[in-house]
Amino acid sequence: MSFKRFPGNWELKELFKKLISQDTISQAILLSGDSLSFKDGFAFEIAKALHCERGNGDSCGECRNCKLMEGIKDEDGNIIPSHPDFLKIVPEKDIIKIDIVREIAKFIRSRPMISRKKVVLIENMDRMNIEAQNAFLKILEEPHFYVHYILTTSRIDTILDTIISRVQKFYLKRVSKAEFFDFFKEFPEDILNHAFEKGAFPDSVSEEELEEEKLLSSIVSKILEIGDKRSLIELRDLFISLSRDSKGDFLRNVIFTVKRKIKEKISAPSSENLNLDDKFFEYYNKLESLETDTLLNINSNLLFTTLSDLLLNFHRNL
Ligand SMILES: [Zn+2]
C-alpha cells in the first residue's frame, strides 16, 4: 500500500515523495479538492509515508510504523490505524468542535513514542466551527518541531484566512472518468458508474446552480447587513417554491452563505476591533446546531423560521 493505492494526481504524488524523503515537507499542509480527488486517501498516504522507517518518501507497508498505521480493518473494510503517534480527526455529526481541538493540543504536548514524528490528520477541515478554528490557530502558531499537520477540505472558503496563511496549500485535481474506470477495471462497470456518479455529484456545480448561489448570496447579504425584511420575504418565497426534498439543501446553502459572511468579517483588516464575545459564539453555535438539524429531517418550515430570526439578528451579534 502506498501512493499507488488510488488514481490521479501523479505529479503531486511524485512531488510529495521527494519532499518527504528529503525531509523538506512543510509542517502544516492543506489538501483541497472535491470528492473525486481522493484527497483523504492522499492525506493518509502522506501520514504513512512520514512515519515509514525506510524514509524513501512512500510507505513500504512492511516496517513496524507502516504496520501500525495500517492497523486493523473494521467490518466495512475501513482501516483503523493503531499508531500511537498518529491522530486522525473526522467531523462528528458533520462538525468539528473545540473539545476535539483540545484533544489535539493534548496529543502534541508529548514527544513521539515510537516514530520520529507525530502526525495529525484533519479531514474536512471546513467542518471545524469558528470557535474551534480559533483554538486550532493558536496551536499552529506555536509549532513543535516533531509535529506534522495534514488538513483536507473541499470548501476552502469557510476556513479562516489566518489558518490558510499558516499552511502550505495543494490543490488536487479530480480524477477523470476514463482514469477512474481504467484504474479500477477489475470492478463491474455498473458499480463503477454508480461510484463515480456518487462521488462526482456532491461537488459538481452546474451553471444553473451557480446562478442560484449568486442570487442567494445577494439576498442573504441584504438581510444580514441591514436586516432588510423585503429580502427576507424574497428568501421565504424561494423556500416555499421548493419541493420537500430540496428544502434541507436550501437551508444548508443559506447557512453556508452566512458562515462565509462571518468569515469575511473576521478576516477583514478592520476585524481587530471586532469583539468576539460570548454573544457571538452563542450565535454561531445556534447556526451550527440548526445546520445539524437540517440533516435530521426535522420540520423544515420550523427550521426556516428559526433561521430567519438568526439572519435578522446578525448585525446585532457581529
Ligand atoms: Zn514502512
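The values are calculated or read from the model by the stated rules, or taken from the named source; none is laboratory data. Keep in mind it's a predicted model, so treat the numbers as computed, not measured. Positions of Cβ are generated from backbone atoms using ideal geometry, with glycine treated the same way; all protein chains shown enter the neighbour counts.
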Listed residues Asp76, Asp94; which is of a type outside the set (Phe, Trp, Tyr), at positive phi and away from the ligand (no atom under 13 Å from the Cβ)?
-> Asp94
Answer yes or no: is there a residue in segment 2-11 that is within 12 Å of the ligand (Cβ to nearest atom), of a type in the set (S, T, N, Q) and crowded, with 20+ Cβ neighbours inside 10 Å.
-> no
Is it the case that some residue within segment 57-67 is more than 12 Å from the ligand (Cβ to nearest atom) and hydrophobic (A, V, I, L, M, F, W, C)?
-> no
A careful count of residues in segment 113-157 that are at positive phi and surrounded by fewer than 18 Cβ atoms within 10 Å (Cβ to Cβ) gives 0
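Are there helices (runs of 4 or more DSSP H) fully within segment 202-305 with at least 3 residues that are at pLDDT 90 or above and hydrophobic (A, V, I, L, M, F, W, C)? List them.
207-226, 229-241, 244-267
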In this structure, does Leu172 turn out to be closer than 28 Å to Ser231 by Cβ and at pLDDT below 95?
-> no
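Filter segment 23-56 down to residues that are within 10 Å of the ligand (Cβ to nearest atom), outside any helix (DSSP H, G or I) and touching a residue at least 24 places away in the same chain (Cβ under 8 Å), then give me how many there are.
So the count comes out to 2.
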If you check Leu172, Leu232, Leu216, which single one turns out to be under 27 Å from Ile130 (Cα atoms), of a type outside the set (Val, Ile, Thr) and in contact with a strand residue (DSSP E or B) (Cβ under 7 Å, 6 or more places away or on another chain)?
-> Leu172
Every pair of residues 6+ apart whose Cβ atoms lie under 7 Å, when the first sits in segment 4-22 and is touching a residue at least 24 places away in the same chain (Cβ under 8 Å) while the second is surrounded by 14 or more Cβ atoms within 10 Å (Cβ to Cβ) and of a type in the set (Val, Ile, Thr) = Pro7/Val175; Gly8/Val175; Phe16/Ile46; Leu19/Ile25
Pick from segment 254-269, criterion surrounded by fewer than 18 Cβ atoms within 10 Å (Cβ to Cβ) and touching a residue at least 12 places away in the same chain (Cβ under 8 Å), ranking: farthest from Asp309 (Cα to Cα) = Ser267
Which numbered condition Leu15 fails, given (1) within 13 Å of the ligand (Cβ to nearest atom); (2) closer than 27 Å to Val175 by Cα | (1)
Filtering segment 82-108 down to residues that are under 20 Å from the mean Cα position of the chain (by Cα) and assigned to a loop (DSSP other than H, G, I, E, B), which residue is farthest from Thr292 (Cα to Cα)?
-> Val90
